[in-house]
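Presented below is the structure to which this report refers.
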């Protein structure tokens, strides 16, 4: 009897193609079930070159990839126009609201992962967790949103109670049968219309309100936030680089930065770096790449 698929969703735009590549590659490198992995890629318009680079995952590991150009989806275009968003994050985050509308009906369990992550353990261990009847499983985020939004622990708007368990939406394990029954998109539309969305931290707050007291708390190691070198001793399963220090930045002091570089591969790492720096710096980057190849530095 064939093994059931492992459905994983990523959301990203053309600026994040290389982190998306690295995340997929980390999943494939550490799983025993590469050919069972199905990546559902919710993306804004991609260049042909970047799409070809992403498709190399399929060639290397035999995983399945399904591309969804959400700019062509009327539902996403509609909410993207009306919902406020952080330009640093892009309104691509709202693609998560459309899981039920975009995914095939036979997807009954789903794992969502942010692209600024790296997986270090067989992903099937997470995917096959007993969800105990809950519609969603996630890792608590105790202070992250307060720091990012400068929100008081006692919320003066009365929306969040300080005793209310709060999860980080960068890793979500979802029972899609219950998700569909809850009509998430309709609830989101209502939050836009009644002004609730304008008062909260984008879709992460919305999801916490929607699944209030109705989610399974997972171990922190399944979504270790802002990991630094000292966190390596904890042997985390999934690293989530939520801080300003990202592993694709040169000499970034984050946990497992060398491993991340190997996972992304030097070729993609330098290509991505060249794309992101001013034109006058690009010859310097290419020179460093050539010298590293000659000396064997990785």
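Quick look at the values:
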{"item": "Shape category assigned to region 41-139 from the gyration tensor of Cα positions, a/c cut at 1.5", "result": "oblate"}
{"item": "Antiparallel bridges, percent of DSSP beta bridges restricted to region 6-247 (to nearest 5)", "result": "40 percent"}
{"item": "Label-point separation, residue 196 to residue 77 (7 Å along Cα→Cβ), nm", "result": "2.8 nm"}
{"item": "Largest-first ellipsoid semi-axes for region 25-95, taking √(5λ) over the Cα gyration tensor eigenvalues, angstrom", "result": "28, 13, 11"}
{"item": "Gained length - residue 235 relative to residue 258, 0.36 nm times residue gap less alpha-carbon distance", "result": "6.8 nm"}
{"item": "FRET efficiency, residue 60 to residue 178 (Cβ-Cβ, R0 51 Å, nearest 0.05)", "result": "0.90"}
{"item": "As computed over region 169-271, the Cα convex hull volume per residue (Å³)", "result": "155 Å³"}
{"item": "Distance from region 1-53 to region 212-249 (C-alpha centre basis), Å", "result": "19 Å"}
{"item": "Over region 6-247: Kirkwood hydrodynamic radius from C-alpha pairwise inverse distances, Å", "result": "18.5 Å"}
{"item": "Cβ crowding within 10 Å averaged over residues, with 23-29, 164-170 ranked highest first", "result": "23-29, 164-170"}
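Throughout, read-outs are computed from the coordinates displayed, never taken from laboratory work. Only a predicted model underlies this, so the values are computations on that prediction, with no experimental measurement involved. FYI the Cβ positions are ideal-geometry reconstructions off the backbone, even for glycines, and counts take in every protein chain you see.
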